[in-house]
Amino acid sequence: MAEEKVYPMTPEGKKQLEEELEELKTVKRGEIIERIKIARGFGDLSENSEYESAKDEQAFVEGRITTLENMLRFAQVVDSDEVDKDEVSIGKTVVFKELPDEEEEEYKIVGSAESDPFSGKISNDSPIAQALIGKKEGDKVTIEIPNGNMEVKIVSVKDS
């Protein structure tokens, strides 16, 4: 039997997924069913763009519900309190300086389900997080990136 994928996540990330799932099941599903009913009333379904659009949205929402249920079923909530205070792990925010120019970057390391690079949350599967997890404040780390390597020094690690 194939091993199921585990989805590491923070307690906040799990809560967000549960809230999204609840919203999709209790609100979105009903809205889409209502749209389909209304669109059916417009007659010929073969040329009914409202009906097609509602059915497409229904398929997307049902797919997302299945994905979220799977992620939550195999969620592995990571407690950053179980890791040394200055050690990089899921659920912690790490600040590092890119060497040699010393430009600081700050990221919260989260499970892939919570990843949002535009708000400073990077996946534990990303090359940066992979290189930093397990390292401590003051460590110099080489991160393999698509166009070579990046040298960084960890400035601080803090609970988020």
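Below, the figures for the structure above:
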quantity: Qualifying positions in region 1-50 - out of contact with any strand residue (DSSP E or B) (no Cβ under 7 Å at 6 or more places or on another chain), outside any helix (DSSP H, G or I) and closer than 30 Å to residue 159 by Cα; calculated: 4, 5
quantity: Where a residue in region 52-64 is part of a helix (DSSP H, G or I) and its partner, wherever it lies, is open to solvent by 50 Å² or more (accessible area, probe 1.4 Å), with Cβ under 7 Å and at least six apart; calculated: 54/35; 61/28; 61/29
quantity: Strands (runs of 3 or more DSSP E) contained entirely in region 81-146, each with at least 1 residues that are closer than 24 Å to residue 12 by Cα and modelled with pLDDT of 90 or more; calculated: 92-99, 103-110, 121-123
quantity: Region 36-88, subset among the basic types (Lys, Arg) and open to solvent by less than 90 Å² (accessible area, probe 1.4 Å), residue nearest to residue 137 (Cα to Cα); calculated: 64
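The values are calculated or read from the model by the stated rules, or taken from the named source; none is laboratory data. Every value quoted in this text rests on a predicted model; they were computed, and no experiment measured them. Heads up, the Cβs are rebuilt from the backbone with ideal geometry, glycines too, and the neighbour counts pull from every protein chain shown. SASA here: full protein model, heavy atoms, side chains in, ligands and nucleic acids out. Shrake-Rupley method; radii C 1.70, N 1.55, O 1.52, S 1.80 Å.
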